[in-house]
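The values are calculated or read from the model by the stated rules, or taken from the named source; none is laboratory data. Remember, predicted model here, so these are calculated numbers, not experimental data. Ideal geometry is used to build each Cβ from the backbone, glycine not excepted, and the neighbour counts take in all protein chains shown. When the accessible area is computed, the model is the full protein with side chains, heavy atoms only, and any ligands, DNA or RNA have been set aside. Shrake-Rupley method; radii C 1.70, N 1.55, O 1.52, S 1.80 Å.
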Amino acid sequence: MLGQYNASAWPNGGLATLPLMTLELSLTYQTGAEIDGFLVTRGTPLPAIRAIAYELEHIQSGARLLHLHSDDNENALAITFPTPPPDDTGLPHILEHAVLGGSARFPVKEPFFEMIKSSMATFINAMTSQSYTIYPISTTVKNDFYNLAEVYADAVFHPLLTEATFRREGQHRTLEDNDDLSSPLKVSGIVFNEMKGAYSSPESRIWSLANRGLFPDTPLGRDSGGDPKVIPDLTFEQFVQFHQDRYHPSQSLIFVYGDIPTEDHLKFWKPILDGFEKPDTPTTVEAAPRQKRWDTPREAEDSYPIEPGEDTKERSFLMLSWLVGDSMDTDVSTDWAVLAQILLGHEGAPLRRALVESRLGADVFGGGADEHEYEQTFRIGLKGSEADRADEFQRLVLDTLGKLADTPFEPRHVESAIQQLAYQTLEVKSLFPLHLAFDVARTWPFGEDPLLFLTEGEHLEASRARWQANPNLFNDLIREGLLNNPHRLRAVLYPDTEAQARADAAFAQRMATERATLSPEDLARLARLAKELEASQDETNSPEALATLPCLSVSDLPDAPRRIPSAVETVAGFTVLRNDVFSNGVNYLDATIDLAGLPEALIAAAPRWCEAFQKMGAAGQSFEQIAERRAACTGGLWATVIAVRHATDDSRSCEAIRMGLKTLDREVDGALGLLSDLVLGVEASDRGRFEELHVQAVAGLRTRLVNDGLGTARGAAGCGLSPEIRRGQIWMSPAVLRQFEAEAKDMDAAAQIAAECVGSLREAFQNRARWTLSFTGSDIAFASLRRTLESWAEKFSDEVVTPDSFILTPQYVYEGLAGPMNVAYCARVLPGLPAGDTRLPLIKLGLYLAGFDYYLPEIRLKGNAYGAGASYDEASATCQMHSYRDPHIAPTLAVFDGLLGWAQSRDWSQGDIDRAIIGSAKDAEKPIRPADATMTALIRHVRGDSNDRRDRDYNLKRAATPESVQSALVQYLVAAGHGSTAVASSREKLDAANALLAAPLAISDILPGGGG
Ligand SMILES: [Zn+2]
């Protein structure tokens, strides 16, 4: 599940990427017309997104359908049902998982995964939002679109919803050891484990605390995903009833988008909906009940678990939230979005600045205008703080807001905030149709006009006009909406070393009490059901069952993978890729700065340069001045570090800074002027600012290493097998956190070293040979870029950069990483193949099948982990296996061990291989959108990854046979051996795993002072 998908309002003119101008922007169908049993209720031209919106109602069933007809061939379908949660059992979420587990026409085991496996979908998933559930797909192939639509329509309206599916996806009781009836009772289930993982994170806990507190009387205060404490209470009967109540076609909202004619959609849906009658008495549950407003502010408090022995100092979260209005009112939601941007939108913004400067916490957290479905909120939080600073935090926020309310904002600050938001309406993002579907879902499930947020550009203009008519608009908003608004909640979340043990003990007690009520017969039955559930995962779909699923054939695939139209030019001595991709008035510049040949200490310090580039001053200007310029003339200017393996040279790793810039034509000179100031003059000499950023970096690393448990485990496992992963570890890992914490003891010395490193890197980067640039945008902007590069050329050197080469001596690890998490993340990394090995495309197909046919049943369906898989990563030239939010460790490692045996015992048909060929071809067929294209073309160029090489691999894949895939995979796995293994989990779980493992994992702590 995706939780709140904050699909920010979308775009003017995105569709302009499409083969254009064939769509007549005139209405074909008149309101009131009847076509194929559907009544046209409205037709609306939407020039901003180059589409016509047809709203229709299926007369007999009451189902509603909205078609945004455009000439984009990335067609999309999203079926939505309003599903406000009645409680915290996760009912909507478990149902979302279960409806995709088999349906009347497709009684296949796991049709959802079978379809992913064999479809060209650019997107296919299902998500539970706070109060609706959405089933979206998109694809550029028409046959594929209707194949997916058939399976999804049958899934939502005719799911099998067996008790076994409920037990596996939701929750069931089982014994610790089902062969031993005296062993303890426990709960398992995929959603149960998914949500246990989610509840491990203090960030999700503080959000949940704030939402429960702010909306105590409505479904918005409940957890649609499910609280692991409450999920075990859900019954099968409630689950089936919820589907009956909520998934009737009369409540369904069917969104379609793209170039397929409206009639084709109606012909498709007619027979599906004709079987249903609109109920006489429609369901009376109100879809969007509003929270009753308070007359005094409230407070809420909770703790979150950290490992025994860990330091609790400055680990608390503080948050103020206000309910400020109705987000279905576009005036309200737009004005609050602009105000939030003014107050918090960049490093120098006044409210952000006041909080960071106060040093009451390490960093601002979760601030801004936030639509909680149909209610509009405003929030501001701090992480890395102390619970007893809550009063002071609140006072500071209110005092700062008080001052801001009394001082008119400078017009340029308001303009710059509006412009930042305008990028959202202009950019042609990847998965464009999905953004539209989510914009529609901002209103439609709540009974409001589905087109409301498809014209976001107009709402921004209206906000600007209101501000021009009343220059105090945003001051008044602060006063009325925040200072004088009693519907305010203060939430405090503090760390507690005992919390996990207490929660575990309470749960164990609850299980023991429940167990005591069960007779020996009950227990035997329970064990039998659990065993049957597990055994059923070994059954595979018969060829006859699979044949019921509609599928493309290999001959439907294009002859070659899609290419980015890109030309390499030399501009003032710089290598520049120019990409011919429509970008709707936004210009994109990406660049890499090669780190080859620099001293190791400087390469290790590259993230410091990125931090200074993004957050410090330059060219004699303070970081506030730079931040203001950034907000005024760019839609983003950032830098990060990358390390990727060269595509054809095994001894070469491309280590670089990667930076990106977005800007409009009218701002391009200002944006490139800022870029020049940063490249030529970035400095880290501001001692106070250095300390602020250092504190933020420590707080950020602490959360990231634990929240991204899989990344932490993978890094540790791959470190000795890939120089790229090792480099990643030098840039970010538990060791870096320890180093930062040590540095904090002598901040002066640390600041001095950082400033020197940033200075040396700045000098080193003034060398043309280190730069490769990639540009997508207008001729005007390109001319400005040319002038900029010419001015740089006068200052830059042309020193030859010799690529570093390496010889890898593999080092293997087998280790556990202990941290505060109540699930496990298991990672295994195997050394890869030599560059250009023609078996690689075949091995990738084999791993693709292993993901669906081996890891999925063994680790997710039997083990009830949320995720698992295997893949080949070309960037690090390694093969990687993983499990995600996993209740098990030892059994999962045994599954990893079993991959070779599985591969040897395969008896694939050509049909099995063809499904994998089609499913994995979707990566090569993604629609080309500008931001993605600019970056992808650049990375391919620096890696030496040519179109010819990709064509060759594509053809090798298309020619794959069962024998060629099996022999390539088996040969590879025999040669690769056992690889390296790392598991991130709690110390308790790791200790328990070691008791079961033949060789114990060597355990160390992720966080300094953790574990004990
Ligand atoms: Zn889920």
Expected vector for the range 216-231, Karplus 3J(HN,Hα) from phi with 6.51, -1.76, 1.60 and θ = phi - 60°, integer Hz, x for Gly and Pro, equals x, 10, 10, x, 5, x, 9, 9, 5, x, x, 8, x, 6, 9, 3
What number comes out for accessible area per residue over the range 740-897 if the probe is 1.4 Å? Units Å², please. 38
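Give the dimensionless ratio obtained when the Cα radius of gyration of the range 660-750 is divided by 2.2 N^0.38 Å. Don't jump to the answer; show the numbers that get you there.
On the way: Rg = 17.5 Å, N = 91, 2.2 N^0.38 = 12.2 Å.
Expressed relative to 2.2 N^0.38 Å, the Cα Rg reads 1.44.
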Would you please give the residues with an amide H less than 5 Å from that of Asp1005, counting only those at least 5 places away or on a separate chain, with H modeled from the backbone geometry? Ala818
Starting from a Cα-only point model with no solvent, please compute log10 I(q)/I(0) by Debye for the range 829-966 at q = 0.11 1/Å. -0.47
Which lysines have a Cα less than 26 Å from the Cα of Lys117, not counting those fewer than 8 places away in the same chain? Lys109, Lys142, Lys429, Lys844, Lys862, Lys922, Lys926, Lys957
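Would the chain count as rounded, prolate or oblate if I go by the C-alpha gyration tensor, calling it rounded below 1.5 in a/c and otherwise prolate when a/b exceeds b/c, oblate otherwise? Numbers along the way, then the final one.
Numbers: a/c = 1.18, a/b = 1.10, b/c = 1.07.
Rounded shape, in that the Cα axes give a/c under 1.5.
On a full-extension model of 0.36 nm per residue, what is the gain between Asp280 and Lys142, subtracting their alpha-carbon distance, rounded to one decimal in nm? Write down the numbers at each step before the final one.
Numbers: separation 138, 0.36 × 138 = 49.68 nm, distance 3.67 nm.
Answer, rounded to one decimal: 46.0 nm.
Taking R0 as 25 Å, what's the FRET efficiency between Glu794 and Ser685 from their Cβ-Cβ distance, rounded to 0.05?
On the way: r = 25 Å, r/R0 = 1.01.
Approximately 0.50, to the nearest 0.05.
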So what are the ³J(HN,Hα) numbers for the range 89-99, from phi and the Karplus equation (6.51, -1.76, 1.60; θ = phi - 60°), rounded to whole Hz, Gly and Pro as x? 6, x, 3, x, 5, 5, 5, 4, 5, 6, 5
DSSP beta bridges in the chain, what fraction antiparallel, as a percent rounded to 5? 80
To the nearest Å, what is the center-to-center distance of the range 607-656 and the range 360-408, using C-alpha atoms only? 29
With -39,500 (n - 2.57) per DSSP H segment of 4 or more residues and division by the full residue count of the chain, the 222 nm estimate, nearest 500 deg cm²/dmol, is -13000 deg cm²/dmol
At 1.4 Å probe size, with every protein chain present, just tell me what the per residue accessible area of the range 575-614 comes to in Å². 28
In Å², rounded to a whole number, the accessible area per residue of the range 949-1012 with probe 1.4 Å is 43
Computed over the chain, the relative contact order (Cα-Cα under 8 Å, seq sep at least six) in percent reads 15
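How do the peptides 739-745, 371-377 rank, highest first, by the average count of neighbouring beta carbon atoms within 10 Å per residue?
Values: 739-745: 13.9, 371-377: 22.6.
Highest mean packing first, the order is 371-377, 739-745.
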Roughly speaking, what is the stretch gain from Glu237 to Ser553, that is 0.36 nm per residue apart minus the C-alpha to C-alpha distance, in nm to one decimal? 109.7 nm
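Taking a ≥ b ≥ c as the square roots of the Cα gyration tensor eigenvalues, with a/c under 1.5 meaning rounded and otherwise prolate when a/b beats b/c, else oblate, which class fits the range 578-702?
Values: a/c = 1.98, a/b = 1.05, b/c = 1.90.
Verdict is oblate for the range 578-702.
Suppose R0 equals 41 Å; then what is the FRET efficiency for Asp923 and Asp331 from their Cβ-Cβ distance, rounded to the nearest 0.05? Don't skip to the answer; put the middle values down first.
Numbers: r = 42 Å, r/R0 = 1.03.
Once rounded, the FRET efficiency stands at 0.45.
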For 390-399, 430-439, 851-860, 644-653, ranked highest to lowest by mean beta-carbon neighbours within 10 Å, the order is 430-439, 851-860, 644-653, 390-399
How would the range 809-854 be classified by its alpha-carbon gyration tensor: rounded, prolate or oblate, with rounded meaning a/c under 1.5 and the a/b versus b/c comparison settling the rest? oblate
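Please report, in debye to the nearest 20, how large the charge dipole of the range 881-1012 is about its Cα centre when each Lys and Arg carries +1 at its beta carbon and each Asp and Glu carries -1 there. Walk me through the numbers before you get to the answer.
Values: 15 positive and 16 negative charges, 80 e Å.
For this selection, approximately 380 debye.
Quote to one decimal, in nm, the extra length available between Asp295 and Thr312 on full extension: 0.36 nm per residue of separation minus the C-alpha distance between them. The partial results should precede the final answer.
Working: separation 17, 0.36 × 17 = 6.12 nm, distance 3.49 nm.
In short, 2.6 nm is gained.
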Accessible surface of the range 194-336 [probe 1.4 Å, protein heavy atoms]: carbon and sulfur percent: 49
All Cα pairs of the range 154-270, percent lying beyond 21 Å: 59
With Asp677 itself left out, Lys, Arg at +1 and Asp, Glu at -1 over residues whose Cβ is under 11 Å from its Cβ give +1
How big is the Cα convex hull of the range 206-331 in projection, averaged over all directions, in nm²? 14.8
Here the range 131-196 gives, from Cα atoms, an Rg and Dmax in Å of 17.9, 56
Glu763 and Gln468 label points (each 7 Å along its Cα→Cβ direction) are spaced in nm at 5.2
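Using Cα pairs under 8 angstrom and six or more residues apart, how large is the relative contact order of the range 207-365, in percent? Provide the component values of the computation, followed by the final result.
Details: 59 pairs, mean separation 37.8, N = 159.
It rounds to 24 percent for the range 207-365.
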Quick one: plug the Kirkwood hydrodynamic radius of the range 858-926 (C-alpha pairs) into Stokes-Einstein at 4 °C, 1.567 mPa s, and report D in µm²/s. 92
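Given the C-alpha atoms of the range 78-173, compute the convex hull and give its volume per residue in Å³.
Measuring per residue, one finds 94 Å³ for the Cα hull of the range 78-173.
Just the number, please: carbon plus sulfur as a percent of the accessible area of the range 812-940, 1.4 Å probe, no ligands or DNA/RNA counted.
On the way: 1880 of 3750 Å².
Ligands and nucleic acids excluded, carbon and sulfur reach 50 percent.
Starting from the Cα gyration tensor of the range 971-1012, multiply each eigenvalue by 5, take the square root, and state the resulting semi-axes largest first in whole Å.
27, 13, 7
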With N set to the number of residues, divide the alpha-carbon radius of gyration of the range 778-896 by 2.2 N^0.38 Å and report two decimals. 1.66
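Can you compute the FRET efficiency between Glu498 and Asn994 using 1/(1 + (r/R0)^6), with r the Cβ-Cβ distance and R0 = 25 Å? Round to the nearest 0.05.
Details: r = 24 Å, r/R0 = 0.95.
E(calc), rounded to 0.05, equals 0.60.
For the range 526-630, what is the relative contact order in percent, using Cα pairs closer than 8 Å and at least 6 residues apart in sequence?
On the way: 33 pairs, mean separation 10.2, N = 105.
Across the range 526-630, relative contact order equals 10 percent.
For the range 564-707, what % of the accessible area comes from carbon and sulfur atoms, probe 1.4 Å? Mind dumping the intermediate values first?
Working: 2320 of 4680 Å².
Looking at the range 564-707 in its full context, I get 49 percent from C and S.
Can you tell me the order of 31-43, 108-120 when each peptide is scored by its average per-residue count of other Cβ atoms within 10 angstrom, highest first? Can you show the working numbers first?
Details: 31-43: 15.6, 108-120: 22.4.
Packing order, densest peptide first, comes out as 108-120, 31-43.
Across all directions of projection, what mean area in square nanometres is found for the Cα convex hull of the range 574-640? If you can, show how the numbers build up before the last one.
On the way: hull surface 25.4 nm².
Directional mean of the projected Cα hull area for the range 574-640 stands at 6.3 nm².
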Obtain the nm distance between the two label points defined at Asp177 and Ser967 by a simple spin-label model: each point lies 7 Å from its Cα along the Cα-to-C-beta direction. 4.6
